[in-house]
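Colleague: Following this message is one structure expressed as structure tokens.
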Amino acid sequence: MSRRSLVLGVWLGCMVLAAIIVARARYIADLSAFLPAHPTPTQQLLIDQLRDGPASRLLFIAIERADSGTRAQIALAMAVQLRRDAQFSLVNDGEPVGLEQDREFLFGHRYLLSDSVTAQRFSAAGLHAAIQDTIDNLASPAGLLLKSLLPRDPTGEFPHLLDQLSNASQPSSNDGVWTSRDGARALMVVQTAASGSDTDAQERAIASIRNAFAVSSRVSPERAGAQLRLSGPGVFAVMARAKIKTAVVRLSIASSALVVVVLLTVYRSVPALILGLLPVTTGALTGVAAVALAFGAIHGVTLGFGITLIGESVDYSIYFFVQSRRPQPGTQSLAWQRLWWPTIRLGMLTSVCGFASLLPSGFPGLAQLGLYSISGLIAAALVTRYVLPSLLPRGFSIHDLGPFGAGIARLLRPLREHRGLVIAASVAAALLAVTTLYQHRATLWNRELSALSPVSAADQHFDATLRADLGAADTMDLVVVSAPTLDAALRGAEQAGAALRPLIEAKAIGGFDSPVNYLPSLETQKARRDSLPDAATLSADLRRASAGLPLQSERLLPFVTDVEAARQAGLLSRRDLQGSSLGAAFDALIMQQKDRWNALLPLHAAAPGQAIDTARVIAALKLARLDEARVLDLKQESDALYSSYLAEAIHLSLAGFGALIVLLAVALRSLSRVARVLAPLALAVLVVAAALAACGVQLTILHLVGMLLIVAVGSNYALFIDRQESLHEAGGEPLTLASLSIANLCTVIGFGLLSFSQVPVLVALGTTVAPGALLALLFAAALSPRESHA
């Protein structure tokens, strides 16, 4: 087998394998790529909340643009369909459907579930007071219910239990369904059976909701004008994935088309165009396959980053075709390998140094970008070095670009003739950039994780409006009680609840949800059951308690029978709640984390728009000596986590830049040449960062990646210009400048199109790298001391 056949066979085999891996890979688009890969227990709890917590499984439904009655009819019809769908564990629109089963369960176990059951309450004096309260409440709106239950529940445990489970503010209601405060929309809330991190399942659930609305709104002409609006974490996750996918596809097509137009214009050769795209295709496939093998899933941002590889990896083939000398037919590739391949190899290694700094990052997203860039660039460079020369047809040539390069050299001649002024202007630009960055130092970096989210401010505002209308707990603030067993976690939740109740009176919080409202700890259940008197004692106490009351004790025999049955019954377990809305509500407030159980107590604000006083919550828990209880502010914790990894990424990038300096020093063996190579890169990064800050753009972790890309791309320009200066041969500079200009144009196209995306992380890359790459080339050419030989 010839060397040529071996090279092509290995390359084709690798491409087929990479294509298979890419086709079978799993793709994600949530913010999990920007959460730590090896979190601490607290960080893991945060991640679990963001991915699978109760808030992540809620979807909010609003029906608008119809009269109140029509909206209610559509909501009721939708609820019927959704309750039959196994994708939803809870469907609530305010109607009493499904409550009968729950009420029977609550009534049958009221003495184990009610927090008012004590031995004192079932003494003669306690019974007298409780029965008197029940009689007094017969005149209330709930009097009809109380009167029907009086023989079996004279102490009012069941109404008290209903109040206990609905301590949060309730939405407004009209025509039998929930409505917004302004009456403009009917409201529903559903909980998916699948976790919030399962974006595919969330997308199917959303599709089912839309289908239910479509079916319900086609029943009559009056319903046709209604509009469905959805919100919630699942909606945002699906929206983000679709937005990233759309952006990646459209921008990939657009950038590829523009690059093809540029290359056809330059090469004026279809074979050259096809061959020139091979490094791009190879690099993209290799990068995605490497990420899939290393991480098991590929984030959408990484795919978006693949667009940028079009603009960078195509540079290698441009250098090969344009810079190849043709002293004799068939020897151009050999001359190029001898003269320019070492420079491309060094440029590739400088890029590897920069992106290798991302590999140790605690953010899987950054580590993915680093691995993608390294593997993709290496593959593209190797294809240029070994595969393209093997595929060149006989007599291959492209359009002569010497005159084009000579024109660029003539434009640069005035700058080189006044190099002192150029250096002075460059120093002034650097000082101005540093001054601007210093002035914006307090607001230079955006340290909020939400800055990376593609969800618009309008969608976030609508979500907040729906939550306020529904009276939902602010699940961004919650108390978490951890314990090794479920029952221990429930005991901790009971203690935490006792510490939080005084804060409701003080208006520090408006209330809280707790899993113990649905399932108290075994110790509490046993204590409540043991506080119930036997039938004989209860009958005697009832006779004394009924003295002076308009109620004969003989009418309360069903009450005695129910209490005796409760005394003989077993205690409740989690299994008893399964299959009911009570079980779904309990499961939403309990999370198992490996060998730990976490009871979640979401906090309600005292008033709409009012912040929760977390400092007082922390103080109350500390005073109660609840060491296993923590207050988790999801936004604050996620922002702090992102901020810490942003700082880590900055330090790693600086370390990578240091490694790049060492590499150049070893390769070039000249401090002046190292300075000439690094100066344009540093200037480009400083000027771009300062320009973004001056325009009011706060930098994110993706802007930092963009700065690494400026260094990676720009180092090739600076190295080629430095290499041309060291060759001391006339006539070579025009081809060098031509190849660099064309490569730079393709890079600016590839990155510049990202600026038109609606995905913040892609916009950050585009607005950083496109101008940065252009400036890197301009600075490298302007600061070059050598006059043109053209």
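Colleague: Quick one: what pairs do we get from the stretch 422-450, first residue more than 27 Å from Gly365 (Cα to Cα) and of a type in the set (Val, Ile, Thr), second open to solvent by less than 30 Å² (accessible area, probe 1.4 Å) and in a helix (DSSP H, G or I), C-beta under 9 Å, 6+ apart or different chains?
Modeller: Pairs found: Val422/Arg416; Val422/Ala782; Val434/Ala690; Thr435/Ala690; Thr436/Ala689; Thr436/Ala690; Thr436/Ala693.
Colleague: From (1) crowded, with 18+ Cβ neighbours inside 10 Å; (2) out of contact with any helix residue (DSSP H, G or I) (no Cβ under 7 Å at 6 or more places or on another chain); (3) at pLDDT 85 or above, pick out the condition that doesn't hold for Asn211.
Modeller: (1)
Colleague: Continuing with the same structure: Output the number of residues of the stretch 168-219 satisfying the condition of being touching a residue at least 24 places away in the same chain (Cβ under 8 Å) and outside any helix (DSSP H, G or I).
Modeller: Adding up the residues that qualify gives 30.
Colleague: Okay, next question. For the stretch 73-102, which positions are modelled with pLDDT under 85, of a type in the set (D, E, K, R) and out of contact with any helix residue (DSSP H, G or I) (no Cβ under 8 Å at 6 or more places or on another chain)?
Modeller: Glu100
Colleague: Can I ask one more? Of the numbered conditions (1) touching a Leu at 6+ places or on another chain (Cβ under 9 Å); (2) surrounded by fewer than 20 Cβ atoms within 10 Å (Cβ to Cβ), Ser216 satisfies every one except a single condition; which is it?
Modeller: (2)
Colleague: For the stretch 612-631, indicate whether the set of residues that are at pLDDT 75 or above, within 23 Å of the chain's Cα centre (by Cα) and on the phi < 0 side of the Ramachandran plot is non-empty.
Modeller: Yes, there is a match, as at least one residue in the stretch 612-631 is at pLDDT 75 or above, within 23 Å of the chain's Cα centre (by Cα) and on the phi < 0 side of the Ramachandran plot.
Colleague: Would you check if Ala430 is within 30 Å of Leu678 (Cβ to Cβ) and among the hydrophobic types (A, V, I, L, M, F, W, C)?
Modeller: Here the answer is yes, as Ala430 does meet what is asked.
Colleague: Enumerate the pairs (first residue in the stretch 1-24 and at negative phi and in a helix (DSSP H, G or I); second residue anywhere and modelled with pLDDT under 90 and exposed (fewer than 11 other Cβ atoms within 10 Å of the Cβ)) with beta-carbon separation below 8 Å, excluding pairs fewer than 6 apart on the same chain, so at least 6 apart or on different chains.
Modeller: What qualifies is Gly9/Met1.
Colleague: Also: Please list, ordered by residue number, the helices (runs of 4 or more DSSP H) wholly in the stretch 355-446 having 1 or more residues that are of a type in the set (Asp, Glu) and loosely packed, with under 14 Cβ neighbours inside 10 Å.
Modeller: 402-417
Colleague: Please name all residue pairs, on different chains or six or more residues apart, with Cβ atoms under 6 Å, provided the first residue is in the stretch 560-585 and is on the phi < 0 side of the Ramachandran plot and the second residue is of a type in the set (S, T, N, Q) and part of a helix (DSSP H, G or I).
Modeller: Val560/Ser539; Leu571/Gln525
Colleague: A follow-up question, please. Just the residues that are among the aliphatic types (A, V, I, L, M), buried (at least 17 other Cβ atoms within 10 Å of the Cβ) and either modelled with pLDDT under 80 or under 49 Å from the mean Cα position of the chain (by Cα) (or both), please, taken from the stretch 103-144.
Modeller: Leu106, Leu112, Leu113, Val117
Colleague: Could you count how many residues in the stretch 470-497 are modelled with pLDDT of 85 or more, of a type outside the set (S, T, N, Q) and open to solvent by 60 Å² or more (accessible area, probe 1.4 Å)?
Modeller: Residues meeting the conditions: 2.
Colleague: Take Arg467 and tell me if it is of a type in the set (D, E, K, R) and surrounded by fewer than 18 Cβ atoms within 10 Å (Cβ to Cβ).
Modeller: No, not satisfied.
Colleague: Pull out all pairs, ordered by first then second residue, where Cβ-Cβ is under 7 Å, the residues are six or more apart or on different chains, the first lies in the stretch 339-355 and is more than 22 Å from Gly706 (Cα to Cα), and the second is basic (Lys, Arg) and open to solvent by 20 Å² or more (accessible area, probe 1.4 Å).
Modeller: Every condition considered, the pairs that remain are Trp341/Arg385; Thr343/Arg723.
Colleague: Do we find that Gln164 is part of a strand (DSSP E or B), of a type outside the set (D, E, K, R) and within 25 Å of Phe586 (Cα to Cα) in this structure?
Modeller: no
Colleague: Further question: Going through the stretch 145-161 one residue at a time, which ones are modelled with pLDDT of 80 or more and more than 14 Å from Leu551 (Cα to Cα)?
Modeller: Across the stretch 145-161, the qualifying residues are Gly156, Glu157, Phe158, Pro159, His160, Leu161.
Colleague: Has the stretch 220-229 got any residue that is part of a loop (DSSP other than H, G, I, E, B) and modelled with pLDDT under 85?
Modeller: yes
Colleague: Report the residue count in the stretch 272-283 for those that are of a type outside the set (S, T, N, Q), out of contact with any Phe, Trp or Tyr (no Cβ under 7 Å at 6 or more places or on another chain) and surrounded by fewer than 24 Cβ atoms within 10 Å (Cβ to Cβ).
Modeller: So the count comes out to 4.
The values are calculated or read from the model by the stated rules, or taken from the named source; none is laboratory data. Here the structure is a predicted model, which is why all the values come from computation and not from measurement. Every residue, glycine among them, receives a Cβ derived from its backbone with ideal geometry; neighbour counts consider all protein chains shown. All accessible areas refer to the heavy atoms of the entire protein, side chains included, with ligands and DNA or RNA removed. Shrake-Rupley method; radii C 1.70, N 1.55, O 1.52, S 1.80 Å.
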